[in-house]
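K.L.:
Here you go, one structure.
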Amino acid sequence: MNIQSVDMKNLRVLKAELTRFMMTYKFALDEVNTKIDILKQEFSYIHEYNPIEHVKSRLKSPESIVQKIYRKGYPLTLSAIRENIQDIAGIRITCSFISDIYELSNMLQSQKDITVIDCNDYIKSPKPNGYQSLHLILQVPVFMSDRVEMVCVEVQIRTIAMDFWASLEHKIYYKYNKEVPQYLVEELKEAANTAAQLDRKMENIHKEMLDIKNSDEEEDIYELVINNEKFQLPFDLLSTLKLRS
């Protein structure tokens, strides 16, 4: 056996390992996306309100992973990547209101096959530049043919206003190659504060609407007692029966 054949064999083994490595993250992404989709459909069909507006997912490219591993100073091995790079698989969820973010976060964290590795609340404690979002590192089991891999998925949950600001901030930093003029940095921070105020205002309006709705529902229910048993009937139904009699 010559050196070239040995190198080709090693190359095939390395390629298989890299393929399996990236596939585990794709499968983990599919797993968490399925969980989110189930919650979204449940709210759509059963509840009157769906807190999930948009869902977007992505896998880091191998080139991006290598760049990050070098930037962080970690060794270029699969074990080092698995241990230190926790955002290879990422999901971004956009909600209407801040309360939706925490409700959805609690639903995901309470699932028995999900392990919460980390939680960073940049809503209660925004970054210095004004960035707001809730970041979760969730670990899920991926069942391969010969093993079970515990794989991390980063989930970012934010409001529409937070997402709009983050998208604008990213475009500006990309345009200026991360050397943004100071006046734009200050304007971005001011815009972040304005977006936060808008979120709080819309949250208050949302709560007031829920209070009015709940009050109307209570008024529309009539309690009927028959043989010491209580029955709650819609007032409209009783009115219809009276008209018929």
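K.L.:
DSSP beta bridges in segment 8-214, what fraction antiparallel, as a percent rounded to 5?
P.N.:
Working: 23 of 29 bridges.
Here the share of antiparallel DSSP bridges comes out near 80 percent.
K.L.:
Take Thr34 and Tyr122, extend 7 Å from each Cα along the Cα→Cβ direction, and tell me the distance between the two endpoints in nm.
P.N.:
3.0 nm
K.L.:
Here's a follow-up. Which residues among segment 118-138 fall inside the zone where the amide N is under 14 Å from a point 7 Å beyond the Cα of Gln109, along Cα→Cβ?
P.N.:
So the set is 118-125, 134-138.
K.L.:
Over 32 Å between Cα atoms: which of Lys40/Lys201; Lys35/Lys124; Lys15/Lys127; Lys56/Lys124; Lys68/Lys201; Lys56/Lys189 fall into that group? Don't skip to the end; give the middle numbers.
P.N.:
On the way: Lys40/Lys201 25 Å; Lys35/Lys124 26 Å; Lys15/Lys127 39 Å; Lys56/Lys124 23 Å; Lys68/Lys201 39 Å; Lys56/Lys189 25 Å.
With Cα atoms farther than 32 Å apart: Lys15/Lys127; Lys68/Lys201.
K.L.:
Once segment 8-214 is represented by equal point scatterers at the alpha-carbon sites, with solvent omitted, what log10 I(q)/I(0) does the Debye formula produce at q = 0.12, 0.15 Å⁻¹?
P.N.:
Evaluating at q = 0.12, 0.15 Å⁻¹ gives log10 I(q)/I(0) of -0.74, -1.06.
K.L.:
Pairs of alpha-carbon atoms within less than 8 angstrom and 6+ residues apart define the contacts here; what relative contact order does segment 8-214 have, in percent? Write down the numbers at each step before the final one.
P.N.:
Working: 257 pairs, mean separation 41.3, N = 207.
Rounded, it is 20 percent for segment 8-214.
K.L.:
Residues in segment 125-146 near a label at Asn193, defined as backbone nitrogen under 19 Å from the 7 Å Cα→Cβ point?
P.N.:
125-133
Where a number appears in this text, it was derived from the coordinates with a stated rule and is not lab data. Since this is a predicted model, take the numbers as computed values, not measurements. Please note: Cβ atoms are built from the backbone with ideal geometry, for glycine as well, and neighbour counts cover all protein chains shown.
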